[in-house]
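Bear in mind these aren't lab numbers, they're just calculated from the coordinates by the rules spelled out. What you see is a predicted model, and the numbers here were worked out from it, not measured in a lab. Counting neighbours? That spans all protein chains shown, and the Cβs are built from the backbone with ideal geometry, glycine included.
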Ligand code: NAD
Ligand code: UD1
């Protein structure tokens, strides 16, 4: 495969796994990241070129685009909760950033894979969310990610760009930040259980998510990147199974109880339901399978075990330091 791949947000959680997979396939990789939520430590040992800057800055994007013919566009402020506090910063990173990246891509004709979000669906009556449903964003985050999708569709139509919008559901795995107020629930629960503290449970815990292991998402992204579709295609990338947040807590407690010497899990602290929160989220992944041969191989249970073990290895390391 010739040409360089630009990974925006490559120093983040999902981005660093995308970079690792591309480097393992001996692809040339350039990362554009402003390090607002990511860290260069996530890229340690990977032969990537790093450009520090914002996707909303056309000059920084132009610098990173040199020699690039494919783009994985992941840069965003990816938190529903944060978007309630900082809607304009979220818009700038997610919507303006996406328009800026697409504007650079249309000048060179680079193929773009855009990280969309299942939050575009909002709450729906359908048991599983499929791409033909009408979008119903609830939070400012969902609106900004959907604005990025609309730019993708428009740029494909008017400039002939080839774009794939990949709607990720709840991605989890090693390197997901666990120590921020906006941390994803898997990371936050692992951290609390390993520290012997009580995790926070928002609402009744019966809200459900399609938790998807990061390697399964990366495999899907690479398939979309190397495919030859034209125009703008939109596909869900997820495992395809719903788990409630309460059930997630119970499963992680089982893993924690199996660790010798670890304090018994504390019951969760009840918090009010989060504003802008989707109640149930489950993906229909048949379109990604049919169009791109997407097939998750690690899955939820094995992914959860690997993730818990990774956070455990990190907490052992920090205790030794
Ligand atoms: P992350 O916060 O770990 O990664 C985002 C990266 O983008 C970080 O490295 C951050 O520093 C960088 N960034 C933020 N604003 C930027 C800007 N203006 N310019 C350049 N870089 C910027 O989050 P993640 O979970 O890896 O999410 C990656 C992408 O996947 C995001 O687009 C997110 O919306 C999408 N997504 C994530 C999930 C999930 O469950 N994690 C689900 C659906 C969609
Ligand atoms: C997540 C992603 C978002 C993505 C979306 C797609 C993160 C940080 N956000 O949002 O980028 O677009 O999936 O589906 O990964 N909760 C608790 N306790 C906690 C943390 C969360 O009970 O400590 C609850 C929340 O209220 C929510 C659920 O767990 O009901 C999931 O929350 P979170 O992990 O933040 O993910 P989403 O908001 O679904």
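Tabulated results
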| quantity | calculated |
| --- | --- |
| Test: residue in the range 100-117 that is within 16 Å of ligand 2 (Cβ to nearest atom), more than 15 Å from the chain's Cα centre (by Cα) and farther than 24 Å from residue 3 by Cα | no |
| From 131, 135, residue being in contact with a strand residue (DSSP E or B) (Cβ under 8 Å, 6 or more places away or on another chain) and not in a helix (DSSP H, G or I) | 131 |
| Enumeration of residues in the range 175-206 that are within 16 Å of ligand 1 (Cβ to nearest atom) and in a helix (DSSP H, G or I) | 185, 186, 187, 188, 189, 190, 191 |
| Scope the range 74-86; condition touching a helix residue (DSSP H, G or I) at 6+ places or on another chain (Cβ under 9 Å) and either without any contact (Cβ under 8 Å) to a residue 40 or more places away in the chain or surrounded by 24 or more Cβ atoms within 10 Å (Cβ to Cβ) (or both); matching residues | 74, 75, 76, 78, 83, 86 |
| Residues within the range 87-105 that are surrounded by 16 or more Cβ atoms within 10 Å (Cβ to Cβ) and either more than 10 Å from ligand 1 (Cβ to nearest atom) or without any contact (Cβ under 8 Å) to a residue 60 or more places away in the chain (or both), tallied | 13 |
| Selection count where residues are within 16 Å of ligand 2 (Cβ to nearest atom) and in a loop (DSSP other than H, G, I, E, B), scope the range 151-174 | 3 |
